[in-house]
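The values are calculated or read from the model by the stated rules, or taken from the named source; none is laboratory data. Please read these numbers as outputs of a predicted model, since none were measured by experiment. Positions of Cβ are backbone-derived with ideal geometry, glycine not excepted, and every protein chain shown enters the neighbour counts.
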Amino acid sequence: MAKARYDKELEREMEKLNKLLDEAFNKGTPFTEDEAVMEQNRIVDTLVVKIQKGKGKQNKNQMER
């Protein structure tokens, strides 16, 4: 089941992002200037898009029935 895989992966990647955000916050670094934060944020965004596209396909299939 792809959705479950993406959900677990999203959870892991969000944990990484939160850790990076905490580190940047503690250092006083603006989030948008921290390359590691921005890269991890892009990874999370990509996974969210994949999950949303999957939900869109699911909804479309249900409407066709």
| request: Identify, by number, the condition in (1) within 18 Å of the chain's Cα centre (by Cα); (2) surrounded by 13 or more Cβ atoms within 10 Å (Cβ to Cβ); (3) modelled with pLDDT of 95 or more that GLU23 doesn't meet. | output: (1)
| remark: By residue number, the members of segment 25-39 that are touching a residue at least 12 places away in the same chain (Cβ under 8 Å) and either of a type outside the set (Val, Ile, Thr) or not in a helix (DSSP H, G or I) (or both) are ASP34, ALA36
